[in-house]
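J.: This is the structure, below, for whatever I ask next.
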């Protein structure tokens, strides 16, 4: 990050996600992480399966962080994965 709060995207990632100079990207808060999403991807609605996959990835990142941390690991967030997605994407 530069003093002007500019970030350089590694070339390998830009190529992998076909991001070119001038493309718009979105910065999306995702728990205690930030996702960088090409704007054209954000226009598509994510399927429930894709949202669950992203959720599982974030849970795994959390597990790895707590594994490295010292002290007790929280086990209850007050909600479950199923509760989080139970009504999304379904007509009411």
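The values are calculated or read from the model by the stated rules, or taken from the named source; none is laboratory data. What you are looking at is a predicted structure, and each value in this text was computed from that prediction instead of being measured. Reconstructed Cβ throughout: ideal geometry from the backbone, glycine too, with neighbour counts over all protein chains shown.
J.: Consider only pairs whose beta carbons are under 7 Å apart and that are at least six residues apart or on different chains; among these, list those whose first residue lies in the range 57-77 and is over 15 Å from residue 34 (Cα atoms) and assigned by TED's automatic domain parsing to the domain that holds residue 30 and whose second residue is part of a helix (DSSP H, G or I) and at pLDDT below 85.
T.: Taking only residues 6 or more apart or on different chains, not a single pair turns up.
J.: Considering the range 1-28 alone, what residues qualify as being in contact with a strand residue (DSSP E or B) (Cβ under 8 Å, 6 or more places away or on another chain) and without any contact (Cβ under 8 Å) to a residue 12 or more places away in the chain?
T.: 27
J.: Working only within the range 29-54, note down all residues that are surrounded by 10 or more Cβ atoms within 10 Å (Cβ to Cβ), within 16 Å of residue 84 (Cβ to Cβ) and touching a strand residue (DSSP E or B) at 6+ places or on another chain (Cβ under 9 Å).
T.: Result: 54, single match.
J.: So residue 42 clears everything in (1) within 14 Å of the chain's Cα centre (by Cα); (2) at pLDDT below 70; (3) farther than 27 Å from residue 8 by Cβ except one condition, right? Which one?
T.: Here residue 42 meets the rest and fails (3).
J.: Let me ask something else. Hey, among 46, 26, which residue is in contact with a helix residue (DSSP H, G or I) (Cβ under 8 Å, 6 or more places away or on another chain) and in a strand (DSSP E or B)?
T.: Just a single option satisfies the conditions, and that option is 26.
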